[in-house]
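**Student:** Once you've had a glance at the structure underneath, I'll fire off some questions.
The values are calculated or read from the model by the stated rules, or taken from the named source; none is laboratory data. The structure displayed is predicted, hence computed values, not measured ones. Every residue, glycine among them, receives a Cβ derived from its backbone with ideal geometry; neighbour counts consider all protein chains shown. Protein only, heavy atoms only, side chains kept; ligands, DNA and RNA dropped before computing areas. Shrake-Rupley method; radii C 1.70, N 1.55, O 1.52, S 1.80 Å.
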Amino acid sequence: MTFELSEKYDASAIEGKWQRVWEERKTFKAPDPDKDPLKRPKYYCLCMFPYPSGAIHMGHLRNYSIGDIISRYKRMKGFNVMQPVGWDAFGLPAENAAIQRGVHPKEWTLQNIAQMKSEFKKMGIAYDWDREVTTCLPEYYKWEQLFFTKFFKKGLAYKKVGQNNWCENCQTVLANEQVQDGKCWRCDGPVIIKELSQWYFKITVYADQLLEDHKYLKGQWSDRVLDMQKHWIGQSEGARIQFPVEGHDGIAAIEVFTTRPDTLMGVTFVTIAALHPAAEGLSVAEGSGTALRDLRIEMQGRAKDFEATTKKGFFTGSFAIHPLTKQKVPIWVGDFVVMDYGTGAVMGVPAHDQRDFEFATAYKLPIIQVIAPESGPAATVSEAYVEGGTLINSGEFNGLDNEKAKTKIGEKLEAAKLGVRTIQYRLRDWGISRQRYWGAPVPVIYCDKCGVVLVPDKDLPVELPGDVVFKVGGNPLNGHESFVNVACPNCKGKARRETDTMDTFVESSWYQARYTDPQNDKAAFAKSKADQWLPVDCYIGGVEHACMHLLYSRFFHKVLRDWGYLSGPEPFKRLLSQGMVIKDGAKMSKSKGNVVTPQSIIDHYGVDTGRLFSLFAAPPEKDLEWNEKGVEGCHRFILRVWRLFYQFKDDMKAPMAAGAAADLDPKLVAIRRKTHWMIKKVADDIEESKFNTAISAAMELVNEVYGLLTDADKAFAAPGGQFVIQEALKSLILCLSPYTPHLCEELWAAMGNQTLVAEAAFPAHDPSLLASDTFLLVIQVNGKVREKIELPKGLSKEEIQKRVMESPKLQSFIAGKTLKQFVYVPERIANVVMG
């Protein structure tokens with residue numbers, strides 16, 4: 001494969017050539033462990049798969065380059081690496097495109113996939129394309145439908161009528177996790193509350209495990225992501241307390257959940273949600289029925305995560321009985337209480353809860369302080385006191401520490417059968433129904449005689465019909481008679497098919513397992529293959545998925561594990577969350593008009609420059625600020641490497657020299673040390689995801705070698721000189737190859753290697769060369785660098801000055817002049833000031 005290295009670096013020709021070689025040789029094909037047992041340790045590297053929007057952007061280039069660096073490096077370190085790719089191909093944007101452009105979602109999606117696949121290959125990512133999956137194809141979602149039927153049979157899937165988040169723009173339901181600041185996570189449109197019959201997965205059954213198993217992820221996932229999940233799951237220890245209702249035959253009691261049973265003696269009212277099932281029956285005061293209807297209408301315009309800035313409500317005219325004091329407590333309806341959290345009712349303790357305080361202040365309700373800090377009770381309460389202390393105004397519990405009071409009050413409630421200590425979660429079951437076409441159909445049939453009937457396994461997949469009519473608003477499947485009207489699988493009578501499709505997060509909850517066995521047409525995947533590859537060793541994607549995709553995937557994995565499909569507690573061992581690409585102070589987006597496409601970089605500089613910049617300009621977890629000068633700087637570095645190899649092309653083609661001489665020229669010693677320092681630095685930094693500093697290490701070696709080029713004839717002609725330059729440049733190629741693979745393949749071949757650099761081993765450093773008894777001193781004359789010399793450590797400043805002033809190379813700069821000052825920075829710099 002040896003050829004003459006061209007003086008000019010032609011990125012386009014080089015990159016196209018090596019991409020074709022990799023594809024023809026299937027260089028990055030991962031082994032099938034059933035056919036070829038993994039004799040080396042496995043490494044599964046996975047980036048969150050992309051939505052096929054039609055063109056890659058700088059975020060893609062950065063994200064997938066990170067995964068590629070890790071994959072290529074691990075391959076060089078002796079691992080069997082699997083780096084698959086696929087397409088998150090269902091979803092609303094494709095359906096909206098069908099409406100806007102008059103093209104079918106499937107056609108639009110597959111066209112985009114073809115376009116993006118071509119662009120991904122131009123990025124030089126080391127994918128095993130034989131493992132490609134596309135979630136909108138029946139051969140994928142067939143297994144998802146099968147999982148749904150098993151969820152249903154095991155009691156983990158159910159349908160109920162409830163209050164749901166509804167996006168007016170997308171015309172579909174959203175899970176709680178998909179509502180952000182009262183807006184749709186996808187379109188940023190307003191979200192309201194709407195009553196609908198929906199399918200749910202019982203993720204709440206796994207709430208304990210999802211929290212407990214964070215122990216497997218500590219140190220491997222960022223604390224930020226784990227804290228976000230912990231907050232979203234929202235485990236709270238407290239008590240459920242019954243407040244008997246006075247004078248209502250059909251309503252025996254209002255149940256509240258509180259984390260502060262120690263404040264029970266400070267209750268002055270009870271507040272229920274407007275949508276509480278008892279609200280109508282309790283609203284007996286004059287005008288309260290109208291007030292309830294008005295508040296319900298207002299609440300329907302708010303998403304479930306809406307936090308009212310002002311507390312609004314009304315008195316129902318009904319009273320509850322305090323479970324311990326037996327005093328009457330007024331029942332109010334308030335807009336700050338929602339049905340989806342707790343029981344839809346709260347006990348009002350205005351002295352010790354800020355929301356209750358604001359509500360009580362607005363409506364002039366009593367405020368009774370029952371916990372006093374060490375400084376003693378306040379004469380007047382100006383805001384809620386929410387810290388610990390000693391109970392006051394609490395009868396038999398006076399004087400107790402509030403933590404002990406929680407236990408004592410809980411015990412008394414349990415003895416009276418008016419309460420129970422318990423653990424509650426903020427997490428709610430995952431609503432998976434979507435009222436749109438472009439998703440996996442829910443495999444359910446409704447029969448008037450048989451009720452809810454699952455589509456038999458033999459009839460899966462339930463495929464989407466291709467001839468639906470799209471219009472703005474509503475689900476086009478509802479009007480497709482041949483899809484909706486079917487025979488009941490049980491009684492063969494007339495029945496109707498479910499027209500809801502599944503949330504696209506269902507597809508992405510198990511795709512990491514499908515990648516282990518993507519061609520299997522008998523099962524979703526073989527357990528033997530999944531067990532050999534899973535868990536994913538490094539998973540790369542945005543932190544914004546902490547409480548959606550990452551939480552759902554963990555839940556799905558645990559369910560499949562419990563059914564014997566998978567092993568191990570978690571699907572992803574390590575999580576690497578990358579930052580965004582920023583330009584002009586904002587995230588790159590078409591709407592902001594600040595997009596720079598990877599293709600524009602490829603056309604002008606080559607993809608290796610784009611890869612290098614995307615990893616050099618910022619650590620992976622930080623946002624990357626787009627900088628044209630930074631791109632140009634990375635390109636100049638590539639050209640410097642190219643020129644360096646061109647200058648020494650004859651040395652690089654020659655057989656590897658015997659080795660370093662015992663008495664190497666000090667400048668060659670410095671290069672060897674820098675070479676082995678770079679090898680260790682690059683390896684350590686990639687392991688720690690410090691990709692930018694690894695690149696800096698390679699740059700330092702290049703600078704070291706360039707610093708000797710004016711002295712090349714003398715230094716490199718000395719004994720061992722050829723070995724040193726061969727070792728340095730070969731190591732440079734190997735260490736840079738995960739970053740700039742096309743450049744390095746070209747240089748590797750020019751050296752005469754018959755194998756690919758992608759198949760080469762990562763170099764090993766010599767520890768003995770890292771511990772030096774000497775140091776390299778940079779010498780300046782009047783502030784300008786004129787020489788670098790290797791000197792023994794431990795010399796006095798006077799001896800250093802003597803050796804510097806005797807340096808032959810400095811004589812032309814100091815001859816005939818007077819030494820005015822000698823400035824010495826120990827073991828780094830000497831500045832000779834002459835006048």
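**Student:** In Å, what is the Rg of the alpha-carbon atoms in the stretch 343-492, and how long is Dmax?
**Tutor:** Computed over the Cα atoms of the stretch 343-492, radius of gyration and Dmax are 28.3, 76 Å.
**Student:** Would you list the P(r) distribution for the stretch 392-456, with all Cα-Cα distances sorted into 5 Å bins from 0 and each bin expressed as a whole %?
**Tutor:** Going out from 0 Å in 5 Å bins, the stretch 392-456 shows 3, 11, 11, 11, 10, 7, 5, 6, 7, 9, 8, 8, 3 percent.
**Student:** Setting aside same-chain residues fewer than 8 positions from residue 471, which lysines have a Cα under 26 Å from its Cα?
**Tutor:** The qualifying lysines are 106, 183, 194, 590.
**Student:** Next up: Please work out how many pairs of lysine residues in the stretch 641-795 are eight or more positions apart (or on different chains) and have Cα atoms closer than 12 angstrom.
**Tutor:** Close lysine pairs under the 12 Å cut-off: 5.
**Student:** Ranking request for peptides 288-296, 809-817: highest mean number of other beta-carbon atoms within 10 Å first, then the rest in descending order.
**Tutor:** My ranking of the peptides, most packed first, is 288-296, 809-817.
**Student:** Would you list the membrane-span-like helices of the chain, meaning whole DSSP H runs whose alpha-carbon atoms span at least 24 Å along their axis and whose mean Kyte-Doolittle value is at least -0.5? Please report the intermediate quantities before stating the final value.
**Tutor:** Working: long enough: 58-76 (27 Å, -0.61); 105-122 (26 Å, -1.24); 628-647 (28 Å, -0.27); 666-687 (32 Å, -0.47).
TM-like helix candidates: 628-647, 666-687.
**Student:** Length gain on complete extension for the stretch residue 463 to residue 20, per 0.36 nm per residue less the alpha carbon to alpha carbon distance?
**Tutor:** 155.8 nm
**Student:** Can you give the helix-only mean residue ellipticity at 222 nm for the chain, where every DSSP H stretch with n ≥ 4 adds -39500 (n - 2.57) and the sum goes over all residues, rounded to the nearest 500 deg cm²/dmol?
**Tutor:** Taken over the chain, the calculation gives -10500 deg cm²/dmol.
**Student:** Could you state the per residue volume, in Å³, of the convex hull enclosing the Cα atoms of the chain?
**Tutor:** Hull volume normalised by residue count: 236 Å³.
**Student:** Report the relative contact order of the chain, percent, no decimals, based on alpha-carbon pairs under 8 angstrom and at least 6 residues apart.
**Tutor:** 14 percent
**Student:** Also: Can you compute the FRET efficiency between residue 363 and residue 215 using 1/(1 + (r/R0)^6), with r the Cβ-Cβ distance and R0 = 41 Å? Round to the nearest 0.05.
**Tutor:** So, using R0 = 41 Å, E works out to roughly 0.35.
**Student:** Counting only Cα, what are the radius of gyration and maximum Cα-Cα distance Dmax of the stretch 592-745, in Å?
**Tutor:** Both quantities, over Cα of the stretch 592-745: 17.0, 62 Å.
**Student:** Take peptides 191-198, 100-107, 666-673 and line them up by average Cβ neighbours within 10 Å, highest first, as a rough protection proxy.
**Tutor:** Numbers: 191-198: 17.5, 100-107: 14.9, 666-673: 20.2.
For the peptides 191-198, 100-107, 666-673, the packing ranking is 666-673, 191-198, 100-107.
**Student:** Cα-based count: Lys pairs in the stretch 229-359 below 28 Å, eight or more positions apart or different chains?
**Tutor:** So the count of such lysine pairs works out to 7.
**Student:** Using a probe radius of 1.4 Å on heavy atoms only, what accessible surface per residue do you get for the chain? Whole Å² is fine. Could the numbers behind the result be given before it?
**Tutor:** Values: 35700 Å² over 835 residues.
Averaged over the residues of the chain, the accessible area is 43 Å².
**Student:** Moving to a separate point now. Lysine pairs in the stretch 368-457 with alpha-carbon atoms under 23 Å apart, 8 or more places apart or on different chains: how many are there?
**Tutor:** Close lysine pairs found across the stretch 368-457: 4.
**Student:** Using a 1.4 angstrom probe with every protein chain in place, what is the largest-first accessible-area order of 187, 735?
**Tutor:** Solvent-accessible surface, decreasing: 187, 735.
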